[in-house]
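**Student:** Quick one: the structure is below, and I'll ask about it shortly.
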Amino acid sequence: MSGKFEESGKLEEFEEFEEFEEHRPLLLGLAYRMLGSMWDAEDVVQEAYLRWTRADRASVREVRPFLATIVSRLALDHLRSARVAREAYPGPWLPEPVADEAAGPLNTAELRDTLSYATMHLMERLSPPERAVLVLREAFAMPYEQIAEVVGASAAGCRQMHHRAGQHLASTRARPRPSREEHARLLTRFLDAAAGGDLRALTDLLSADVVAWNDGGGKARAALRPILGRDRVIAFVLGLTRKYEITGLRMVKVNGEPAVRLSTGSGDQIVTAHVRDGRIHALFAVLNPDKLRYAP
């Protein structure tokens with residue numbers, strides 16, 4: 001008899017595991033959007049799995065929203081504590097760039113939009129509850145009543161937070177957005193102009209108020225403050241191309257958009273851009289090697 005009970009227990013554990021694994025990609029995508037770090041997202045999802053194994057299965061009506069709620073609460077708690085560490089980070093803190101396949105489903109415009117690197121970067125300015133409301137409502141279509149349970153606010157309060165968050169992100173959502181081909185073409189032209197020292201081309205490609213963000217995390221040499229304005233960004237970029245020889249360059253897809261992986265004598269980096277109205281409005285360079293583990 002004991003053998004049958006053991007077999008039954010193992011079967012139940014296997015079914016629990018299989019049911020959770022079915023939702024893991026979606027849960028990782030949710031946690032990453034809330035945290036900006038796939039490393040932290042994996043920790044959160046693993047903790048959610050442990051809680052799933054201890055949950056009373058009879059009380060779970062629908063698995064997907066149940067697991068999404070667990071992950072959301074864990075990610076929200078983690079984000080609140082992470083804010084303190086990010087304030088002490090050496091230089092600008094940028095999200096970890098991730099390959100598309102690591103970010104979960106991308107089968108809706110909302111899932112792609114909330115994964116955009118420029119959007120992920122701008123979400124750092126939101127409060128943790130605002131970020132949670134935005135991601136849960138827009139990317140995962142969670143009802144306000146359920147979001148309210150996650151963030152500890154009323155449904156009406158969540159609607160207001162969603163509205164405020166949308167206003168903060170308005171600059172990254174200008175329409176029409178460039179196609180991936182246009183985006184890649186503009187990024188390639190920028191790199192060619194930088195490598196060739198073509199001042200006129202760089203002036204045409206960059207908006208007057210462009211900002212360049214660099215994240216070295218204290219582990220790679222990088223600007224410790226954002227570079228503001230076209231003239232300063234051009235001077236900064238041309239200074240880098242004169243100082244460092246590019247030993248490798250390939251186009252990749254990061255956060256659902258075209259990006260470039262550059263190799264120089266000092267290490268690798270991922271460079272991507274926010275494009276609007278045919279020009280580059282922001283450049284993001286992630287040089288911190290710890291943040292490149294999920295990048296292609």
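The values are calculated or read from the model by the stated rules, or taken from the named source; none is laboratory data. What you see is a predicted model, and the numbers here were worked out from it, not measured in a lab. When we count neighbours, we look across all protein chains shown, and the Cβ atoms used for this are built from the backbone with ideal geometry, even at glycine.
**Student:** Looking at segment 165-175, which of its residues are over 16 Å from Arg131 (Cβ atoms), assigned to a loop (DSSP other than H, G, I, E, B) and either among the hydroxyl-bearing types (Ser, Thr, Tyr) or under 20 Å from the mean Cα position of the chain (by Cα) (or both)?
**Tutor:** Ala174
**Student:** Restricted to segment 176-203, and to residues that are more than 23 Å from the chain's Cα centre (by Cα) and of a type in the set (D, E, K, R), which residue is nearest to Thr247 (Cα to Cα)?
**Tutor:** Asp192
**Student:** Which residue out of Arg64, Arg33 is buried (at least 22 other Cβ atoms within 10 Å of the Cβ) and in the same structural domain as Ala82 (by TED's automatic domain parsing)?
**Tutor:** Arg33
**Student:** Checking the structure you have, find out if any residue of segment 153-164 is in the same structural domain as Val71 (by TED's automatic domain parsing), outside any helix (DSSP H, G or I) and more than 17 Å from the chain's Cα centre (by Cα).
**Tutor:** yes
**Student:** Next question, about the same structure. Give the residue, chosen from Gly91, Gly104, that is on the phi > 0 side of the Ramachandran plot, within 17 Å of the chain's Cα centre (by Cα), surrounded by 13 or more Cβ atoms within 10 Å (Cβ to Cβ) and not basic (Lys, Arg).
**Tutor:** Just a single option satisfies the conditions, and that option is Gly104.
**Student:** Given the structure, is Glu149 of a type in the set (Asp, Glu), within 23 Å of Trp213 (Cα to Cα), touching a residue at least 60 places away in the same chain (Cβ under 8 Å) and surrounded by 14 or more Cβ atoms within 10 Å (Cβ to Cβ)?
**Tutor:** No, not satisfied.
**Student:** Taking the criterion of being of a type in the set (Lys, Arg) and under 17 Å from Arg80 (Cα atoms), would at least one residue in segment 150-171 satisfy it?
**Tutor:** no
**Student:** Could you check segment 115-139 and list, in sequence order, the residues that are surrounded by 22 or more Cβ atoms within 10 Å (Cβ to Cβ) and part of a loop (DSSP other than H, G, I, E, B)?
**Tutor:** Scanning segment 115-139 gives a single hit, Leu115.
**Student:** Could you say which residue among Val63, Val71, Val84 is more than 15 Å from the chain's Cα centre (by Cα), under 20 Å from Ala141 (Cβ atoms), at pLDDT below 95 and hydrophobic (A, V, I, L, M, F, W, C)?
**Tutor:** Exactly one residue qualifies, and that residue is Val63.
**Student:** Would you mention how many residues in segment 51-72 are part of a helix (DSSP H, G or I), free of Cβ contacts under 8 Å to residues at least 40 places away in the same chain, of a type in the set (A, V, I, L, M) and under 18 Å from Leu26 (Cβ atoms)?
**Tutor:** 1
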